[in-house]
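Please read the structure below before turning to the comments.
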Amino acid sequence: MFRYLIRRLLWACVLFLVITVVTFVIFFMIPVNPAKQACGQRASERCILNAKHTLGLDRPLPIQYLRFMDRLVIHQNLGKSFVTRRSVNTLVLNAAPVTASLVFGGAFFWMLIALPVGILSALKPRSLLDRLAMVFVLIGISAHPVWIGLILSYLIGFKLGWTPITGYCDFFNPSTDCGGPVQWAWHMILPWTTFAILFTALYVRMIRANVMEASHEDYVRTARAKGAPEWIVIRSHILRNALLPVVTMLGMDIGVALGGAIFTESIFSLPGLGSTALDSIQLFDLPVTQGIVVFATFAIIVFNLVVDLLYAVIDPRIRLA
Amino acid sequence: MALLEVTDLKTHFRTDDGIVKAVDGVSFSVEKGQTLGIVGESGSGKSVTCLTIMGLNARVNTISSGEALWKGQDLLKMSSRHLRNIRGDDIAMIFQDPMTSLNPVKSIGAQLIEAILLHRDVSKKQAKARTLELLKAVGIPRAERRVDDYPHQFSGGMRQRVMIAMALINDPDLLIADEPTTALDVTTQAQILNLMSKLQADFGSAIIMITHDLGVIAEIADDVVVMYAARVAEQAPVDNLFRRPHHPYTWGLLGSLPRLDADVERLVQIQGQPPSLLNPPRGCRFHPRCPYVMEICKTTEPELLQVSHDPEHFQRCHLDEETKDREAAKLTHLGDAA
């Protein structure tokens, strides 16, 4: 177990290095001069030189990268925005809770719906519920979240006026003009729905397939031959096996989504990681983009590790060595 | 009264291509403490027969008819609750593939204890004691330590022992074994068969042994049903069958047994493939593959008739006695060997 952990952590470091190098290089392939941008329109030669020096852009690329890594690893500092000169740490720390609210809330809702629907439609294939579920899956996978989000905010937010159309409220201390759990949830209803629809569809399909497959396994027949009533067969033989892979998928999807649910965040003007990253890319604000990529990588690595460890606990066949 | 009396059992599956008559009018009976062997090729309907008796076929698109009287009560007409009480308690089953028949995420102890607690009102502690007793009886070494292990930590032979322990744990009156040795290597096969014979003596269960291996039948069975294409081709006490097999299909099965004592160049094989049960051949179902085929075989299906000098022996073949005597004589030494 301990050796496995060490090995995984070393791999995580390698992955981390590769991803930061790649984002760094890609950024410098773009033919834009951030220093010129910092000086605004009709920038003087002097200003640009100055800005170049302050931003550290006058040094060779490897040195810039090393300085970045030094700051990151030794001082846990992601640097300052080229554009606003604000600390990237602060930006990320402000944006992360918004994305986390969206992702964890969304995950809660998609599992809440996908579990019963997937299981029931697998147990009664070709039933009315199963057919309806499959239609929903088709729509959920095909419809783009941007379209869903716009339709929802137009119909429910604007026409019916049941929910706010955009914006975010803090769960704890109101730093904005609204706050508290009720306002927070109130503002998140549409984003959660939009975000969850695609994943609900994917998870209904996956859970249905897994449960169907498991219910044809030999050990399920063994359980019936033992005289087990149907609900025990389903609970402790079919579901116990069918839901193992769902745990993995859930962990990985949450990890990936924490990097930013860009579409949902942009439609509902949520100041999360996705929309922050989008803004920073449009402004060629390397430190902010880089900071969010670093954070997202970190989230994915952590969640993958958690999933692997969890898996070893719930699946006796896996022994970490 | 026989323990289990099956009469004219039919199991038909509705499929997109039509109705598959997987079992089509099979009758046999099992006496207390006796072993019935059901032998036949893959797809002859032997497994489906037993799954039907146990009520384990998928409900949708399955049509079963006939009778399966268990101590006088028809298993096919029983409520599913009543049937559940019989399954795993009075009638237990062992399956072909021990690698997939145990739940991979539950310890074998938990699976055996579950089998007890489903039918007996005992404490977990008592159930565990019984579990250990059975694991020792089927020859699992260091049972106390292994009871908490998971199926993947056992070899195929050991897993089949665990399956046998699970089947016998509630002292069933009938044990249905669906090709229990097919997935195992030869030495393990012999061990498992010996174990089953020994346990049958200890527990007094009747056994239905499904197999495609006449060697297994010779070793363990009292009575034999030879199935071909969803029907019974021949049915007899084991000695009578091996002494004087009546059906060309049985001859084929006997001829394909490898032997040590005879210098056979080549094993005899039955030509062709088993027929589709979607539309079985007209007349005798074996006629397209039968080396002795006559005109009548192609049009009229023979009845399952009693053999004249052997009242317990039934067979379904048009051939005259003389030809049968001659052809069977070529194989009788096989019977002696078995």
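The values are calculated or read from the model by the stated rules, or taken from the named source; none is laboratory data. Note that this is a predicted model, so its numbers are computed, not measured. Backbone-built Cβ (ideal geometry, glycine too); neighbour counts: all protein chains shown. Protein only, heavy atoms only, side chains kept; ligands, DNA and RNA dropped before computing areas. Shrake-Rupley method; radii C 1.70, N 1.55, O 1.52, S 1.80 Å.
What distance in nm separates the two pseudo spin-label positions at B:GLN73 and A:ASP218, each 7 Å out from Cα along the beta-carbon direction?
It works out to 3.1 nm between the two label points.
With θ set to phi - 60°, apply the Karplus curve 6.51 cos²θ - 1.76 cosθ + 1.60 along segment B:204-211 and write out the HN-Hα couplings as whole Hz, x wherever there is a Gly or Pro.
After applying 6.51 cos²θ - 1.76 cosθ + 1.60, I find x, 6, 7, 10, 9, 9, 8, 7 Hz.
What does the accessible area per residue of segment B:229-336 come to in Å², with a 1.4 Å probe and no ligands, DNA or RNA counted?
Heavy-atom SASA per residue in segment B:229-336 reads 57 Å².
Can you compute the label reach from A:VAL135? Point 7 Å from Cα along the Cβ direction, backbone N cut-off under 19 Å, restricted to segment A:197-222.
A:197-198, A:200-202, A:204-205
Relative to the first principal axis of the alpha-carbon coordinates of chain B, what is the inclination of helix B:186-203, with its axis defined by its Cα atoms, in degrees from 0 to 90 and to the nearest 10?
The two axes meet at around 70 degrees.
List every residue whose amide H lies under 5 Å from the amide H of B:THR35, counting only residues 5 or more places away in sequence or on a different chain, with H placed 1.01 Å from N in the peptide plane.
B:ILE207, B:ASP222, B:ASP223
How crowded by other chains is B:235-245, given as the mean number of beta carbons from other chains within 10 Å of each beta carbon?
Other-chain Cβ atoms within 10 Å of each residue's Cβ, averaged: 0.
Which value, in Å², gives the accessible area per residue of segment B:1-132 when a 1.4 Å probe is used on the protein heavy atoms?
I get 43 Å² per residue for segment B:1-132.
Between rounded, prolate and oblate, where does segment B:102-157 land on the alpha carbon gyration tensor, with a ≥ b ≥ c its root eigenvalues, rounded for a/c under 1.5, else prolate if a/b exceeds b/c?
Judged from the Cα gyration tensor, segment B:102-157 comes out oblate (a/c at least 1.5, b/c at or above a/b).
Rounded to the nearest Å, what's the spacing between the alpha carbon centres of segment A:185-246 and segment B:158-228? Just the number, please.
36 Å
If I compute solvent accessible area with a 1.4 Å probe over the protein chains, what percent of it on segment B:4-225 is carbon and sulfur?
Of the solvent-accessible surface of segment B:4-225, carbon and sulfur hold 47 percent.
Roughly what angle does helix B:321-337 make with the longest principal axis of chain B, taking Cα atoms, 0 to 90 degrees, to the nearest 10?
The answer is roughly 40 degrees.
Relative to the isolated chain, which residues of segment B:162-188 have their accessible area cut by 20 Å² or more in the presence of all protein chains (1.4 Å probe, heavy atoms, no ligands or nucleic acids)?
Hits at the 20 Å² cut-off: B:MET166.
Each label point is 7 Å from the Cα along the Cα-to-Cβ direction; what then is the distance between the points at A:ASN33 and B:ARG243, in nm?
10.9 nm
Relative contact order for chain B: what is it in percent, counting Cα pairs under 8 Å that are at least 6 residues apart?
20 percent
So, with a 1.4 angstrom probe, what is the percent of accessible area on segment A:26-129 that is carbon and sulfur?
63 percent
When Lys and Arg each count +1 and Asp and Glu each count -1, what net charge do the other residues less than 12 Å away from B:ALA127, Cβ to Cβ, add up to?
+2
Which aspartates and glutamates have a Cα lying under 19 Å from the Cα of B:LYS106, excluding residues fewer than 8 positions away in the same chain?
Filter leaves A:GLU213, A:GLU217, A:ASP218, A:GLU230, A:ASP315, B:ASP97, B:GLU114, B:GLU144, B:ASP148, B:ASP149.
Please report the net charge: other residues with Cβ closer than 11 Å to the Cβ of A:PRO125, K and R +1, D and E -1.
Spelling it out: positives minus negatives among the neighbours equals +3.
As a test, work out the antiparallel percent of DSSP beta bridges whose residues both lie in chain B, rounded to the nearest 5.
Taking every DSSP beta bridge within chain B, about 60 percent pair in antiparallel fashion.
What helices does chain A have that are whole DSSP H segments, at least 27 Å long along their own axis by Cα, and with mean Kyte-Doolittle hydropathy of 0.5 or more?
Helices meeting the criterion: A:2-29, A:88-123, A:181-215, A:286-314.
Using a 1.4 Å probe, how large is the accessible area of A:ASP308, given in Å² and rounded to the nearest 10?
Ignoring ligands and nucleic acids, A:ASP308 comes out at about 40 Å².
Out of the DSSP beta bridges found with both residues in the protein assembly as shown, what percent are antiparallel (nearest 5)?
Bridges in the protein assembly as shown that DSSP calls antiparallel: roughly 60 percent.
Full-extension gain between A:MET252 and A:THR84, please, as 0.36 nm times their residue separation minus the C-alpha to C-alpha distance.
57.2 nm
How many partner chain Cβ atoms sit within 10 Å of a residue's Cβ in peptide A:214-224, on average, as a whole number?
Shielding by partners across A:214-224 averages 6.
At a Förster distance of 41 Å, what's the computed FRET efficiency of B:GLN153 paired with B:ASN61, Cβ-Cβ distance as r, to 0.05?
For B:GLN153 and B:ASN61, the calculated efficiency is 0.60.
In nanometres, what is the gap between the two model label sites at A:ARG67 and A:ILE165, each 7 Å from Cα along Cα-to-Cβ?
In this crude spin-label approximation the distance works out to 4.5 nm.
Any lysines with Cα under 22 Å of the B:LYS324 Cα? List them, leaving off those in the same chain fewer than 8 positions away.
Reachable lysines: B:LYS298.
Over the Cα atoms of the protein assembly as shown, how large are the radius of gyration and the largest Cα-Cα distance (Dmax), in Å?
35.2, 120
Buried accessible area for the A:B pair, summed, 1.4 Å probe, in Å² rounded to 100?
2000 Å²
Give the Cα extents of segment B:229-336 along the principal axes, in whole Å, largest first.
Each principal axis gives a Cα extent; for segment B:229-336 these are 41, 32, 23 Å.
For chain B, what does the helix formula give at 222 nm: sum of -39500 (n - 2.57) over DSSP H segments with n ≥ 4, over the residue count, nearest 500 deg cm²/dmol?
-10000 deg cm²/dmol
In the protein assembly as shown, which Cys residues have no partner Cys with a Cβ closer than 4.7 Å?
Singleton cysteines: A:CYS13, B:CYS50, B:CYS290, B:CYS317.
When DSSP beta bridges are limited to those with both residues in segment B:142-239, what percentage is antiparallel, rounded to the nearest 5?
In segment B:142-239, approximately 55 percent of DSSP beta bridges are antiparallel ones.
Return one number: the angle in degrees, 0 to 90 and rounded to the nearest 10, between the long axis of the Cα atoms of helix B:108-117 and the longest principal axis of the Cα atoms of chain B.
Taking the Cα atoms of chain B, the angle to B:108-117 is about 90 degrees.
Considering every residue in B:92-103, what mean count of other chain Cβ atoms within 10 Å of its Cβ is obtained?
4
Please report the carbon-and-sulfur percent of the accessible area for segment A:222-321; probe 1.4 Å, protein heavy atoms only, DNA, RNA and ligands left out.
Using a 1.4 Å probe with all protein chains present, segment A:222-321 comes out at 75 percent carbon and sulfur.
Remind me, relative contact order of segment B:171-250 in percent, using alpha carbon pairs under 8 angstrom and six or more residues apart?
RCO, segment B:171-250: 25 percent.
Which FRET efficiency value, to the nearest 0.05, do you get for A:LEU309 and B:HIS82 by plugging their Cβ-Cβ distance into 1/(1 + (r/R0)^6) with R0 = 60 Å?
Efficiency, rounded to the nearest 0.05: 0.85.
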